[in-house]
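Novice: Questions regarding the structure given below will be posed in turn.
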């Protein structure tokens, strides 16, 4: 009697493991994320592209005649912001919404490994950011006739920048339990990314102490690796930049993993 | 049973005590005083945070715009610094006020307030005056940060007082009317966010309007943002601002429009 009860409780087919299972889970989680964003998906992509183009074009209004260096900096900096916004800003806000709506706990109960869920979310963030990156670059090139020189290093630069941003957002989202705090931090992050990290303008324009502070944060380095991949010429500090972003990514992923793996 | 209710003896009990309906200017002023106390009571916990956010936004943007220029000439610095009060005002008028109105709508505060025996105009006027006064500290602090950062000298003129008051009143009334007139909070949210982005990038607040392409220049003759910066500049410097009279007129029209829309929505019986 007791043994047949246990058989009823067990899911049919037994527990499956291995790469095939992970692959199928990954596909279903990507579909889950895309479906839960649904109509937002198009809005996000359009808003991202518009804000990117807006920044690329708007910056020229600040000058009588915009110097090419300024145009180049903004055009090569905007892709970093495009890649960051979804993972770093929108992601935590979505999770904060899930917490208030109660779907957060539901998602945790799904029989899918946490790392597969994270990988699926990263893929979605990347997909949301890429169109805006392309559009901003094309518009910048058409408007300012920039000496862009896109090398193969663009692949690791884009992948790592997006991954680091997504993981940072993931850690924020899961480490902070109060939705209001998440909202406040992400708003601050937008402000910092646009104005107080040397992404859209050269480092030398900042006060030295602020530049030093920025060395410890990943945003400055993301701009370095992106710029190195988009322009020719000497780009000092690219390997350091990759290293710093890598460390941030690992720390953020570990933090997110720890928060998710903990039993409350 | 019904005879008891319709019976003449019960009518007097249903009338509010104090018998006659009151109206007239003294009563309106009295209501305004009560509504000021009511609004202030609701706002008090947020006031500190509002001033801090406003100052941080204003001061933050002042510092941030500076990073975008390869060299900051005296003129550039003067433009950025005199744009500071306007930059501090826009988040208040076009983000915080609409958000406050949206929250009040969601909580049903308007229904509650409008059910009180107080003229609805008194409530609107009290909200406008409180937010207008609240806008001033953030503007001043943002300006002080700008002066400190760029080390410029300003020459204040009496025009500054009407300029500050009109700018604050205009942004509060327009923000209030916008949030009140648009039914769906989501739409208000989208408008507000798009507005902030457009204003901060494409409005000649921290740079001269002559740098704009022709069509955008014309658009900004009608929109209030350039006019805000112009009248503020007229009060803070000599010779930098032109067409100040026209700018005052534009702001006046926008403020009047904000008041009119508010009056229409508030006065309408749903």
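Novice: Which of (1) without any contact (Cβ under 8 Å) to a residue 40 or more places away in the chain; (2) in a helix (DSSP H, G or I); (3) under 28 Å from residue A:67 (Cβ atoms) does residue B:56 not meet, given it meets every other one?
Specialist: (3)
Novice: Check B:91, B:137, B:98 and return the single one that is within 14 Å of chain A (Cβ to nearest Cβ), closer than 30 Å to residue A:62 by Cβ and touching a helix residue (DSSP H, G or I) at 6+ places or on another chain (Cβ under 7 Å).
Specialist: Of B:91, B:137, B:98, the one residue that is within 14 Å of chain A (Cβ to nearest Cβ), closer than 30 Å to residue A:62 by Cβ and touching a helix residue (DSSP H, G or I) at 6+ places or on another chain (Cβ under 7 Å) is B:91.
Novice: Residues that are within 15 Å of residue B:80 (Cα to Cα) and either modelled with pLDDT of 90 or more or surrounded by fewer than 23 Cβ atoms within 10 Å (Cβ to Cβ) (or both): does segment B:180-193 have at least one?
Specialist: Taking every residue of segment B:180-193 in turn, none turns out to be within 15 Å of residue B:80 (Cα to Cα) and either modelled with pLDDT of 90 or more or surrounded by fewer than 23 Cβ atoms within 10 Å (Cβ to Cβ) (or both).
Novice: Among the residues of segment B:222-231, is there at least one that is within 14 Å of another protein chain (Cβ to nearest Cβ) and either at pLDDT below 85 or closer than 30 Å to residue B:110 by Cβ (or both)?
Specialist: Within segment B:222-231, one or more residues are within 14 Å of another protein chain (Cβ to nearest Cβ) and either at pLDDT below 85 or closer than 30 Å to residue B:110 by Cβ (or both).
Novice: Going by the structure shown, is residue B:192 part of a helix (DSSP H, G or I) and more than 13 Å from chain A (Cβ to nearest Cβ)?
Specialist: Yes, satisfied.
Novice: I'm checking my understanding of the structure. Among residues of segment B:47-73 that are more than 13 Å from chain A (Cβ to nearest Cβ) and in contact with a helix residue (DSSP H, G or I) (Cβ under 9 Å, 6 or more places away or on another chain), which one is surrounded by the fewest Cβ atoms within 10 Å (Cβ to Cβ)?
Specialist: For segment B:47-73, the residue satisfying everything is B:47.
Novice: Okay, next question. Look at segment A:46-77 and say how many of its residues are outside any helix (DSSP H, G or I) and more than 9 Å from chain B (Cβ to nearest Cβ).
Specialist: 2
Novice: Name the one entry in B:202, B:248 that is within 14 Å of chain A (Cβ to nearest Cβ) and touching a residue at least 12 places away in the same chain (Cβ under 8 Å).
Specialist: Exactly one residue qualifies, and that residue is B:202.
The values are calculated or read from the model by the stated rules, or taken from the named source; none is laboratory data. On a predicted model such as this, the values are computed, not experimentally measured, just so you know. Positions of Cβ are backbone-derived with ideal geometry, glycine not excepted, and every protein chain shown enters the neighbour counts.
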